[in-house]
Amino acid sequence: MALEQILILITASLLCGIFLRNRGRTWFMLIASVLVIFWLQPALPIRGADFWIPLATLILVIFTWRLTADDETRKQCKNYITLAIVASVVLLLNLTRFIPQLQLFTASRPPQLETTLLIFLITGLTLIVLSRLTRFSASFLTVGLILTIGLFLTLKIPALTYWTSYFLRSLTNQSVNQLRPTDFTWLGFSYVAFRLIHTIRDRQMGRTPSVDLGEYLTYVIFFPAFTAGPIDRLERFIKDLRAPFAGLTLDTFYPAGQRLLLGLFKKFVIADALALIALNDTNATQITSAFWMWIIVYAYAFQIYFDFSGYTDIALGIAGLLGIKLPENFASPYLKPNLTQFWNNWHMTLTQWFRAYFFNPITRWLRSWQKPLSIPMMILLTQVATMLLIGFWHGVTWNFTLWGLWHGLGLFIHNRWSDFTKAKSTAWATTPIKQAVLNISGILLTFHFVALGWIFFALSSPVTSWLVILKLFGVR
Amino acid sequence: MNQSIKPLNVLIKGLILFLLFNLVIAACQPRVGQFSLYNALFRGRERLPFGENPRQSYNLSLFNLDAMFASHIIDGAPKADDEFRVIIIGDSSVWGTLLKPEETLAGQLNEASLNACGKNVRAYNLGYPTIALTKDVMMLSYGMGYDPDLVIWMTTLDAFPLEKQTSTPLVANNEETVRGLATSYQLRVEADDPNFEKKSFWEKTFVGDRRSWADIIRLQIYGVMWSAAGIDQFYPAEYEKAQTDFEADESYHELTSPLNEDALALNALEAGFNVAGETPMLLVNEPMLISSGANSDIRYNFFYPRWAYDEYREMMTALSQANGWTYVDLWDAIPANEFTNSAIHLTPAGEKLLAENLAPYIFENCK
């Protein structure tokens with residue numbers, strides 16, 4: 001998000017916090033979120049894609065709600081009101097096709113109105129058909145899960161994205177000569193997918209709270225957290241959403257304002273300045289000295305932290321103005337003395353998500369084997385698999401695979417090392433100075449391990465990454 | 001003490017302090033550009049900052065002359081007893097478009113390890129990629145602060161037209177410096193020249209002038225990449241060669257033959273020599289591409305119709321003789337195949353040839 005966009009969102013949220021109460025605020029959050037997903041979607045070479053993609057997000061969320069909501073909630077009248085309002089907002093956006101001066105929320109001219117109406121009709125009919133097939137609802141949940149994961153993979157595997165772009169360009173009678181995987185960029189889908197999977201899985205486990213369509217839509221596409229998280233849990237979000245909102249007070253304004261200022265400073269001053277010198281594919285090949293190579297690797301490590309945690313602060317600040325307390329995502333991760341603690345404090349909502357929906361279930365499954373694996377082997381498998389998946393979440397490429405592997409193996413080695421040395425280090429670190437030495441050396445070691453891992457993350461090819469590592473240690 | 005913090009008071013105090021800070025900045029206009037990380041934390045730049053694509057060149061164009069010169073290697077190089085210091089001013093051909101720092105004229109002179117009057121010649125590139133004599137005089141006035149033993153002023157006819165003198169952004173944004181030159185060295189500047197960017201009081205505050213502050217900070221940050229990679233320019237893999245075929249067009253800046261001296265900034269040349277004072281200065285008519293393509297009987301190159309350039313050369317020779325200036329005319333010293341993307345930009349081999357042509361004049365003009 002650009003600074004201007006963030007400032008507009010802050011102003012709108014501030015005005016909402018001052019002037020709106022309870023239902024007014026809830027409607028504001030829903031309508032603003034719908035508008036924002038259209039507004040933030042960048043222009044794409046595929047004709048109309050910047051309108052169809054946000055619309056597809058809305059339809060996907062509505063279908064998932066239909067699958068996860070219980071019968072009683074589904075029948076509530078307010079869901080139809082929500083549907084009508086959301087559809088009206090989309091239609092109004094589509095109508096700006098005829099008034100160029102009002103095309104403020106879409107990157108390009110919206111498509112034909114008839115196509116949108118046809119999509120509405122198909123969506124409505126599908127929802128009706130689904131409601132008649134309630135006895136298959138459990139199977140539909142599985143289908144929904146598979147479709148969401150499938151769509152996620154399509155967006156993350158370059159070859160699939162390429163073919164999707166090819167298909168969409170052919171569909172819109174556009175040339176396929178200048179095809180690029182980036183033709184099909186679905187803004188915010190990584191986070192949307194995680195929220196959808198979370199609710200589908202919890203529904204399968206019978207843990208999903210009962211929420212109406214408006215609440216569900218607001219949760220999944222909540223505009224402060226739409227592009228960069230954090231990934232909240234539905235039951236926690238709903239608690240804040242349903243809590244009475246008496247408007248913004250000084251007590252809520254100050255922490256939110258402080259968070260916003262901090263976030264803006266982190267993102268637009270520190271991170272953007274570091275971005276000028278941070279490691280990238282170009283400068284990786286231009287620098288020959290080990291000293292300067294370390295400097296740009298450090299610059300990248302801090303740039304990614306300040307950028308991401310800055311965005312999180314901004315999200316928390318804007319949400320705070322609206323009376324929503326989003327979960328924390330970062331807690332001084334670079335000051336943690338080991339890799340396990342680093343991952344407990346870096347992008348915390350993502351790691352918690354993976355712990356809940358992958359690591360814990362797979363560990364339980366491995367333990368349930370008649371002949372269970374040895375503990376170290378089980379730890380190795382689960383840690384590496386989890387970190388590989390986190391790597392794939394960023395993109396299915398060799399470098400993200402290596403990054404996941406680096407951290408998976410790191411976590412395993414730390415686990416084994418800590419088991420092996422725990423008693424010895426406790427016996428040695430008997431004085432505060434010795435404890436400080438142990439702590440500081442742990443922090444330095446962990447930071448450098450993470451910084452080396454960022455090389456795979458920042459660069460696009462394993463060969464360049466390897467060359468950078470060699471240069472860092474003066475080998476090349 | 002158990003005093004609770006009152007956020008509203010903190011906010012009000014913060015705003016007042018920020019307002020005061022802005023007012024002080026606007027009133028005092030501190031010369032923050034003088035403070036630089038170059039030549040301290042980072043090595044000094046071999047040429048002045050200039051860049052139109054900072055992300056690729058790790059360089060940027062800014063208007064703060066203090067910051068520009070503070071980032072230059074000359075600012076951190078105390079003059080040794082055995083150093084014969086040469087500063088070279090001029091346009092992009094001196095700065096070195098498409099050339100690495102060591103390939104420029106200054107780089108080639110240093111590479112040649114010349115010895116003049118028993119001292120080691122050390123050349124500094126103070127060229128800047130815009131063509132205007134007034135800009136050159138401004139750079140020279142800064143360069144003189146570094147105690148040169150010889151100044152080489154590379155120029156060409158296109159730097160002379162009056163309308164170009166203050167329209168170049170670097171000059172337009174440094175009115176005070178230019179007016180100072182007018183007072184001290186009789187540089188002619190119109191009192192109401194509309195080209196100068198005049199800043200209101202608001203534009204002088206920290207908020208109003210934030211772009212300049214950001215540029216200075218960015219320049220410091222790019223010091224990392226300059227020190228790390230030694231890159232200060234984007235070098236495209238391919239570029240379009242200088243044009244050699246032309247329309248049968250004899251026009252030049254709305255001037256007609258004979259060249260009207262009143263339409264040229266000849267006064268800037270005089271001012272330049274005044275700025276140099278006792279320091280010897282070589283005024284060099286820089287080499288240019290002499291085309292042999294279509295209509296080359298009418299035009300020498302993209303810049304010049306033959307009549308204008310021939311008259312300019314005659315005028316320069318006469319002027320130099322009349323004023324006692326040391327003038328070197330190297331207009332045809334470099335063969336056409338040693339030019340790159342412009343009629344004045346040379347290849348490394350061309351720059352080497354130019355350095356060899358200039359070396360004898362350096363020996364002649366040392367004291």
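Quick one: would you say residue B:263 is touching a helix residue (DSSP H, G or I) at 6+ places or on another chain (Cβ under 7 Å), crowded, with 16+ Cβ neighbours inside 10 Å and closer than 30 Å to residue B:184 by Cα? No: the conditions fail for residue B:263. Does residue A:91 qualify as being in a helix (DSSP H, G or I), more than 28 Å from residue A:163 (Cα to Cα), assigned by TED's automatic domain parsing to the domain that holds residue A:140 and in contact with a Gly (Cβ under 6 Å, 6 or more places away or on another chain)? Here the answer is no, as residue A:91 does not meet what is asked. Across the range A:171-181, the number of residues qualifying as within 29 Å of residue A:197 (Cα to Cα) and in contact (Cβ under 8 Å) with a residue 60 or more places away in the chain comes to 1. Within the range B:241-267, the set of residues being within 16 Å of residue B:160 (Cα to Cα) and of a type in the set (A, V, I, L, M, F, W, C) comprises B:255, B:259, B:263, B:264, B:265, B:266.
Going through (1) within 25 Å of residue A:468 (Cα to Cα); (2) within 12 Å of chain A (Cβ to nearest Cβ); (3) touching a residue at least 60 places away in the same chain (Cβ under 8 Å) one by one, residue B:228 falls short only on (3). Considered as a group, the residues in the range B:45-76 that are part of a helix (DSSP H, G or I) and small (Gly, Ala, Ser) include one that is nearest to the other protein chains (Cβ to nearest Cβ), and that residue is B:57. So which residues in the range A:412-431 are over 38 Å from the mean Cα position of the chain (by Cα) and of a type outside the set (Ser, Thr, Tyr), if there are any at all? Passing the criteria: A:423, A:424, A:427, A:428, A:429. Only one entry in A:395, A:453 is crowded, with 16+ Cβ neighbours inside 10 Å and touching a Lys or Arg at 6+ places or on another chain (Cβ under 8 Å), namely A:395. Reported count of residues in the range B:328-348, each being crowded, with 16+ Cβ neighbours inside 10 Å and not in a loop (DSSP other than H, G, I, E, B), is 6.
Hand me the list of helices (runs of 4 or more DSSP H) wholly inside the range A:20-75 holding 2 or more residues that are buried (at least 19 other Cβ atoms within 10 Å of the Cβ).
A:22-40, A:49-68
Only one entry of A:238, A:324, A:277, A:295 meets the criterion of being free of Cβ contacts under 8 Å to residues at least 60 places away in the same chain and away from every other protein chain (no Cβ under 14 Å), and that entry is A:238.
Per the conditions (1) polar (S, T, N, Q); (2) within 22 Å of residue A:75 (Cα to Cα); (3) modelled with pLDDT of 90 or more, the sole criterion not satisfied by residue A:258 is (2).
Before we move on, is residue A:261 part of a helix (DSSP H, G or I), surrounded by fewer than 23 Cβ atoms within 10 Å (Cβ to Cβ) and within 14 Å of chain B (Cβ to nearest Cβ)? Answer is yes for this residue. Restricting A:290, A:246 to those that are in contact (Cβ under 8 Å) with a residue 40 or more places away in the chain and under 17 Å from residue A:29 (Cα atoms) reduces the list to A:246. Residue B:156 passes every criterion in (1) closer than 17 Å to residue B:271 by Cβ; (2) modelled with pLDDT of 95 or more apart from (1).
Checking the stated criteria, residue B:246 turns out to be touching a strand residue (DSSP E or B) at 6+ places or on another chain (Cβ under 6 Å) and either away from chain A (no Cβ under 14 Å) or in a loop (DSSP other than H, G, I, E, B) (or both).
Just one of the listed residues (A:57, A:116, A:82) is among the hydroxyl-bearing types (Ser, Thr, Tyr), closer than 24 Å to residue A:204 by Cα and out of contact with any strand residue (DSSP E or B) (no Cβ under 7 Å at 6 or more places or on another chain), namely A:57. Flag: residue B:123 does not match the condition of being surrounded by fewer than 20 Cβ atoms within 10 Å (Cβ to Cβ) and among the aliphatic types (A, V, I, L, M). Say we look at the range B:56-101 and pick out the residues that are small (Gly, Ala, Ser) and under 23 Å from residue B:214 (Cβ atoms); which of these is nearest to the chain's Cα centre (by Cα)? Within the range B:56-101, the match that is nearest to the chain's Cα centre (by Cα) is B:61. Per the conditions (1) free of Cβ contacts under 8 Å to residues at least 40 places away in the same chain; (2) under 18 Å from the mean Cα position of the chain (by Cα), the sole criterion not satisfied by residue A:373 is (2). Of all residue pairs spaced 6 or more apart or on separate chains, those with beta-carbon atoms under 7 Å, a first member in the range A:376-391 that is in the same structural domain as residue A:417 (by TED's automatic domain parsing) and over 18 Å from residue A:460 (Cα atoms) and a second member that is of a type in the set (D, E, K, R) and part of a helix (DSSP H, G or I) are A:376/A:416.
Keeping to the range A:280-292, report how many residues are among the hydroxyl-bearing types (Ser, Thr, Tyr) and either in contact with a Ser or Thr (Cβ under 7 Å, 6 or more places away or on another chain) or more than 9 Å from every other protein chain (Cβ to nearest Cβ) (or both).
Filtering the range A:280-292 down to residues among the hydroxyl-bearing types (Ser, Thr, Tyr) leaves A:282, A:285, A:288-289.
Remaining after also requiring either in contact with a Ser or Thr (Cβ under 7 Å, 6 or more places away or on another chain) or more than 9 Å from every other protein chain (Cβ to nearest Cβ) (or both): A:285.
The number of residues fulfilling the criteria is 1.
Contact map, the range A:154-170: first residue in the same structural domain as residue A:46 (by TED's automatic domain parsing), second residue of a type in the set (D, E, K, R) and in a helix (DSSP H, G or I), Cβ cut-off under 6 Å, separation 6 or more or different chains; pairs are A:165/A:183.
The values are calculated or read from the model by the stated rules, or taken from the named source; none is laboratory data. These numbers come from a predicted model, not from an experiment. Neighbour counts run over all protein chains shown; Cβ positions are idealised from the backbone, glycine included.
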